[in-house]
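To start, the structure itself, in structure tokens.
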Amino acid sequence: HLTNIVNALHACLAKRKSSPVVTTEVLQQRAANQQSLKTEYSSGSGNRIKKSSSTGLLTALLDGYAAPTPANPSSESSNPGNSQLNNNNIQSLTNATAELPTTRSKKFIFTQLMPFTPSAVLTDSVRDNVREEVRNLLSVLRNALKVRNINAEAADLVDRLIFMMSVETGFMWSDVYASTQIDELCIDSRVPAVLSKLRGLLTLRVTQVELRSPEARRRLNFFLNSLFMQMPTVPAMRFSKEYTCITPYYSEDILLAKSTLQECNNEGVSTALYLQTLYKDDWNNFLERRKISKAQEHHEVWSPQHLQELRMWASRRAQTLFRTVEGMMQTEAAIRLLAELEQPDCPDIDLFAVLKFNYVVACQIYGPLKKKLDPKAEDIEFLLARHPNLRVAYVDTEMQHPNPDPSYFSVLIKHNPAGNKANP
């Protein structure tokens with residue numbers, strides 16, 4: 001039932017968002033119909049409107065019966081005892097026979113009995129389907145809670161479910177209210193992502209959601225096993241210690257360049273082809289994320305639109321500085337997550353991440369690389385722009401006239417969002 005509800009809502013999202021069922025005209029028409037019904041009842045002109053089947057039945061019976069006729073017209077004159085009856089007795093007998101007749105002069109005439117039903121205000125198939133599935137779901141939950149030894153909490157929950165299913169102004173019986181709630185649900189910008197997640201959890205099989213990557217399974221198993229360790233009590237994030245991590249770097253690869261990925265070994269196998277073969281499932285996931293077809297992957301992956309993502313995908317699976325920085329900066333994301341869990345309404349969550357963790361890459365030759373316009377300097381600037389709290393330390397030189405020896409300076413830089421350049 002829950003799967004049917006999610007599928008019905010997911011299918012009508014776009015349509016209900018652009019054209020909702022409950023509009024201002026519908027509400028005005030509904031108010032006008034209600035006012036018209038009240039006017040007919042109050043004026044007394046609604047004789048054609050039957051309030052119920054029983055009222056219509058009685059009306060038809062009274063109209064259908066004819067005046068009674070005596071079974072033997074000559075019996076009154078032939079019976080000598082009738083002469084002794086006075087006029088009052090004759091009238092009483094006539095009234096009694098009229099109430100319980102045995103013979104009628106004409107056949108019964110019955111009109112078509114139609115119980116009173118108000119005209120339908122809204123026609124909404126999505127609402128009807130969702131409401132039926134919700135009713136079935138609540139019934140299943142109610143029956144599951146009705147066990148032999150039911151406790152007070154379960155009994156209270158059963159009463160709440162019954163109330164939800166029977167309230168006249170609620171979702172289960174009020175058409176306008178139910179359609180309005182579905183319209184508002186479809187308009188909310190957060191609902192499509194939630195429905196997509198629920199639809200995936202409810203419709204996908206177990207084999208479709210299992211991790212295919214051995215590295216991903218290893219990391220997840222390591223994390224889950226660490227939860228069963230006897231860990232000491234962790235202090236609040238506000239009272240935790242700050243620390244700084246430094247990674248030395250000289251001239252190693254930062255991001256695998258396009259020429260490096262296309263370079264072939266003695267057997268004619270390129271670096272990109274080797275990584276695609278070694279991490280086949282990860283490569284298929286990459287193509288799916290970038291919306292690249294298998295037939296065009298050899299040409300589209302090298303286009304400017306996908307080249308940078310391809311370099312990052314390959315660099316994550318090689319011994320590069322990019323892989324090290326990506327892993328270390330996950331600490332900042334973890335600190336931010338812990339701060340949000342401890343203090344959801346705290347406005348200084350980003351400040352916590354900056355104060356509690358600092359990461360510095362000690363690149364001694366960044367200054368010469370930048371002066372020579374080396375591609376590695378551009379890769380370092382890409383890392384600074386990708387992680388605004390990352391810092392790079394290097395030694396810079398400057399010639400001061402008339403001193404023939406250069407002067408050395410220790411420099412610490414970070415990303416400058418305004419100028420899109422490193423800021424010392």
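The values are calculated or read from the model by the stated rules, or taken from the named source; none is laboratory data. Computed from a prediction, not measured in an experiment: that's the story for all the values here. Backbone-built Cβ (ideal geometry, glycine too); neighbour counts: all protein chains shown. Heads up: the accessible areas ignore ligands, DNA and RNA and are worked out on the full protein's heavy atoms, side chains in. Shrake-Rupley method; radii C 1.70, N 1.55, O 1.52, S 1.80 Å.
Which aspartates and glutamates, if any, have their Cα less than 19 Å from the Cα of residue 280, not counting same-chain residues under 8 positions apart?
Cross-link targets: 210, 215, 288, 297, 300, 309.
Mind listing which GluC sites (Glu not before Pro) in the range 260-340 are in a DSSP loop and have 14 or fewer other Cβ atoms within 10 Å? Numbers along the way, then the final one.
Working: sites: 263, 267, 288, 297, 300, 309, 326, 332, 340; in loops: 263, 267.
Sparse-neighbourhood loop GluC sites (Glu not before Pro): 263, 267.
Give me the percent relative contact order of the range 288-424, please, defined on Cα pairs under 8 angstrom at least 6 residues apart. Spell out each step's value before the answer.
On the way: 137 pairs, mean separation 19.8, N = 137.
Relative contact order, the range 288-424: 14 percent.
Taking only C-alpha pairs under 8 Å that are 6+ residues apart, what is the relative contact order of the range 315-361 in percent? Could the numbers behind the result be given before it?
On the way: 23 pairs, mean separation 15.8, N = 47.
For the range 315-361, the relative contact order is 34 percent.
Give me the extension gain from residue 31 to residue 278: residue separation times 0.36 nm, minus the current Cα-Cα distance, reported in nm with one decimal.
On the way: separation 247, 0.36 × 247 = 88.92 nm, distance 6.80 nm.
Between residue 31 and residue 278, full extension yields an extra 82.1 nm.
Per the Debye formula with a single identical scatterer at each Cα and no solvent contribution, what log10 I(q)/I(0) holds for the range 164-273 at q = 0.13, 0.16, 0.24 Å⁻¹?
-1.05, -1.08, -1.27
Sort 314-322, 220-228 for me by packing, meaning the mean count of neighbouring Cβ atoms within 10 Å per residue, highest on top. Write down the numbers at each step before the final one.
Numbers: 314-322: 18.2, 220-228: 9.1.
Most protected by this proxy first, the peptides run 314-322, 220-228.
Taking 0.36 nm per residue of separation and subtracting the Cα-Cα distance, what length does fully extending residue 410 through residue 300 add?
Values: separation 110, 0.36 × 110 = 39.60 nm, distance 4.31 nm.
Value of the extension gain: 35.3 nm.
Top to bottom by accessible area (1.4 Å), largest first, where do 17, 370, 291 land?
291, 17, 370
Express in % the proportion of alpha carbon pairs of the range 258-413 at distances exceeding 27 Å.
Details: 5542 of 12090 pairs.
Result: 46 percent of Cα pairs exceed 27 Å.
Could you order 12, 264 by accessible surface area, starting with the largest, using a probe radius of 1.4 Å? Mind dumping the intermediate values first?
Details: 12 10, 264 75 Å².
Largest accessible area first, the residues go 264, 12.
Compute the separation of the alpha-carbon centres of the range 139-207 and the range 390-411 and state it in Å as a whole number.
68 Å
Computing the accessible area with a 1.4 Å probe over protein heavy atoms, can you report the carbon and sulfur percentage for the range 152-280?
Values: 5980 of 10030 Å².
Roughly 60 percent, rounded to a whole number.
At a temperature of 25 °C and a viscosity of 0.890 mPa s, determine how fast the range 271-332 diffuses translationally according to Stokes-Einstein, using the Kirkwood radius over alpha-carbon pairs as Rh; express D in µm²/s, rounded to the nearest whole number. Mind showing how you got there, number by number?
On the way: Rh = 12.4 Å.
So the translational diffusion coefficient is about 197 µm²/s.
Where does the charge balance sit around residue 235 when Lys and Arg score +1, Asp and Glu -1, over other residues with C-beta under 15 Å from its C-beta?
On the way: positive: 238, 241, 356; negative: 242, 342.
Charge balance in the 15 Å sphere: +1.
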